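Here, each number is a calculation from the coordinates, and none is a lab measurement. For clarity, every value in this text was computed on a predicted model and none was experimentally measured. Methodologically, a virtual Cβ is constructed for each residue, glycine included, from the backbone with ideal geometry; neighbour enumeration extends over all protein chains shown.
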Amino acid sequence: MKLFTVIAAMLFSLAFGQIAVADLKVAYVDGQAVLNDSAAGKRERGKIEDFFKKKKAELQKEEKKLASMKKKFDKDKLTMSKSQSEKWQIDFRDKVQGFQKKTQDAQREVQQKEREFSRKAAAEIQKIVDAIAKEKKVNLVLEKNRSGLVFADASMDITPEVMKRFDKKFKR
């Protein structure tokens, strides 16, 4: 009797499992492509790149000043007293440390801007994917780069629609 119940339960789950799979509608999205290839993503990355270039130019200018100071010191150190030389070296070391701090701060700022954009964009992409899934009655949406997706028919790709809506949302 127990064997019959187990077999009946297995057959029941197989039969209804097939029905559930047949009703399953799957799609996938390439979130990285939306971030990198959309007009909004490119625009935001451009802003971050411009910010980075500005900071880099400022730091290079300061680095040249430090190199010039060092060169002048190397030239003048023979005529300096020991106390003048020590004072200069302490001052120079402080300036180098300040420069290193500015460099680290600039890197952190750029990374913060990238993280902030990625966070806001990911939240918006999720809303867009949810809306598309509801409209198209999709039961499961996979992220192309994180799901282990090896192959999927292009008709299942909702990336272009997500990208279009993402650009529309962030049009500026």
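Between the helical axis of 82-135 and the longest alpha-carbon principal axis of the chain there is an angle of about 20 degrees. For the chain, modelled as a GNM whose springs connect Cα atoms under 10 angstrom apart, the maximal fluctuation among E124, E63, E114 occurs at E63. Report the Cα centroid-to-centroid distance between the range 98-119 and the range 58-73 in angstrom, as an integer. Centre-to-centre (Cα) distance: 22 Å. Only lysines eight or more places from K77 in sequence, or on another chain, were considered; those with a Cα closer than 23 Å are K64, K65, K87, K95. Straight-distance candidates among the aspartates and glutamates for linking to K56, with alpha-carbon spacing under 14 Å and chain neighbours fewer than 8 residues away dropped: D105, E109. Were the residues from K102 through T79 laid out at 0.36 nm apart, the gain over their Cα-Cα distance would be 5.1 nm.
What order, most packed first, do the peptides 40-51, 87-98 have when packing is the mean number of other Cβ atoms within 10 Å of each residue?
Put in order of decreasing packing, that is 40-51, 87-98.
In sequence order, the range 148-164 has phi-based couplings of x, 5, 9, 8, 7, 4, 4, 5, 8, 7, 9, 4, x, 5, 4, 4, 4 Hz under the Karplus curve 6.51 cos²θ - 1.76 cosθ + 1.60, θ = phi - 60°, and Gly or Pro positions carry x.
The C-alpha radius of gyration of the chain, expressed as a fraction of 2.2 N^0.38 Å, stands at 1.91.
Counting only residues at least eight positions apart within a chain, or on another chain, the lysines with an alpha carbon under 20 Å from that of K171 are K42, K47, K113, K120, K127. Taking Cα atoms only, the orientation of helix 39-76 departs from the longest principal axis of the chain by about 20 degrees. Only helical runs count toward this figure. For the chain, summing -39,500 (n - 2.57) over DSSP H runs of n ≥ 4 and dividing by all residues gives -27500 deg cm²/dmol at 222 nm.
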